[in-house]
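Asker: Got a structure for you, written out below as C-alpha cells; questions coming shortly.
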Amino acid sequence: MNRLADKVAVITGGNSGVGAEMAKLFADEGAKVVISARRMDKLEDVANEIRESGGEVLPVRCDIAKAEDADHLMEEAIREFGQIDILVNNAGILESGMKPIDKADLEDISRILDTNLKGTMYITRAAVRYMEENGGAIVNIASVAGVFGCGPAAYAAAKGGVIALTKHTAFRYCGKGIRTNVICPGTIQTPMSANASHDELDPDMMAQMYSHLDLKAGLATSEDIANIALFLASDESRAMTGQVLVADFGSSL
C-alpha cells in the first residue's frame, strides 16, 4: 500500500478495461487519479468506485485525438490537484477488420493513427510541460503488434510509433527527472477486445497471426497490465527509462 502516496496520476482511457483497473489500483496505492475518456457515463462509474473505496479522483471528458482536449485535461489536473507526477497513455482504439496493409483503407488509417499515435503525442506534449520542474513517470501502453508487426497495418504502425515516441521522450528527458517506459501487451481480456466483431475480421490476416502466436501460453488480464504499470509508475523503477516491456506470457517467442 501507499506505493504512490502524494502523487497525482493522469490516466487516459480510464473508463474501462486496463485503464479502469489502473485507476483503481493507483488510487488504492495512494495516488490522486485523473481519469479521462470520450464518454462521461462510464467514466463516472469508475470514479464512483474509486470514491467508494476512499480514493480521490477527477473524471474529465477528453478525446485524445484533439490537441485542445489534451491541453484541457492537463489544465484540469493542475487546477484540481496542483501537480502531475504520473502519466499513463492508455487510451486507444481498435479497427474492426484487422486489415493488412494491402487491404487497409484510408478512413481506418487516419482514424487509428489520429487516436493511437497522434493522440498519445498530444497528451505527452501537454503533460511534460507540467512535469519538467519536479520530474515524473510516463507509462505508455503499446502492443506486441508494434514490436513484431503481428496485427492490422494501421494499428501495428501506430503502436510501433508509440514505442518510438517512448524512446524519444526517454532520450529527451534522460537525466532531467522524467522517465518514460512502454508496456506491450499481447491479446488482453477486456470489454473492447471481447466486443470485436469476428464476422468482420480478415481471415487471411487472422490465420497468419495465429500461425506465429502460441495462444496456449495464456492471455493477460487487465489486472496483469495494471500491476506492471504500477511498478513503472512507482519509485521502485526509478532506474528504468526508455524500456520496452512485452507482456504476453511468452506467446510471441
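FYI, it's all coordinate maths here, none of it is from the lab. Every value quoted in this text rests on a predicted model; they were computed, and no experiment measured them. Here the Cβ is made from the backbone with ideal geometry for all residues, glycine too, and neighbour counts use every protein chain on show.
Asker: Remind me, relative contact order of the chain in percent, using alpha carbon pairs under 8 angstrom and six or more residues apart?
Answerer: 20 percent
Asker: Further question: With an 8 Å cut-off on Cα pairs and a minimum separation of 6 or more residues, tell me the relative contact order of region 4-103 in percent.
Answerer: After rounding, I find 32 percent.
Asker: Helix 203-212 sits at what angle to the longest principal axis of the chain, using alpha carbons and giving 0 to 90 degrees rounded to 10?
Answerer: 70 degrees
Asker: If you stretched the chain out fully between HIS72 and ARG51, how much longer would it get, using 0.36 nm times the residue separation minus the C-alpha to C-alpha distance?
Answerer: 5.3 nm
Asker: Which order do peptides 133-144, 73-84 fall in by mean Cβ count within 10 Å, highest first?
Answerer: With the highest mean Cβ count within 10 Å placed first, the list reads 133-144, 73-84.
Asker: Sort 232-239, 92-99, 40-47 for me by packing, meaning the mean count of neighbouring Cβ atoms within 10 Å per residue, highest on top.
Answerer: Put in order of decreasing packing, that is 92-99, 40-47, 232-239.
Asker: Kindly provide the helix-only [θ] at 222 nm of the chain, computed as the sum of -39,500 (n - 2.57) over DSSP H runs of four or more divided by all residues, to the nearest 500 deg cm²/dmol?
Answerer: -13000 deg cm²/dmol
Asker: Same structure again: List the aspartates and glutamates whose Cα lies under 19 Å from the Cα of LYS7, skipping any in the same chain that are fewer than 8 positions away.
Answerer: Qualifying aspartates and glutamates at Cα under 19 Å: GLU21, ASP28, GLU29, GLU56, GLU75, GLU76, GLU80, ASP85, GLU132, GLU133, ASP235, GLU236.
Asker: How far, in nm, would the chain grow between SER96 and ARG111 when pulled straight, counting 0.36 nm per residue and subtracting the alpha carbon separation?
Answerer: 4.2 nm
Asker: Output the pairs from LYS66/LYS103; LYS42/LYS66; LYS32/LYS159; LYS103/LYS159; LYS66/LYS159 with a Cα-Cα distance over 23 Å in this structure; if there are none, say none.
Answerer: Check vs 23 Å cut-off fails for LYS66/LYS103; LYS32/LYS159.
Asker: Now, a different point. For the chain, what is the convex hull volume of the alpha-carbon atoms per residue, in Å³?
Answerer: Per residue, the Cα convex hull of the chain comes to 118 Å³.
Asker: Using the basic label-point model (7 angstrom from Cα toward the beta carbon), what is the ARG79 to ASP6 distance in nanometres?
Answerer: Once both label points are built, they end up 2.7 nm from each other.
Asker: Relative to the longest principal axis of the C-alpha atoms of the chain, give the angle of the C-alpha long axis of helix 67-81, reported between 0 and 90° and rounded to the nearest 10°.
Answerer: 40 degrees
Asker: I've got another one for you. Between helix 40-52 and the chain, what is the angle of the helix's C-alpha long axis to the longest principal axis, kept within 0 to 90° and rounded to the nearest 10?
Answerer: So the inclination is approximately 50 degrees.
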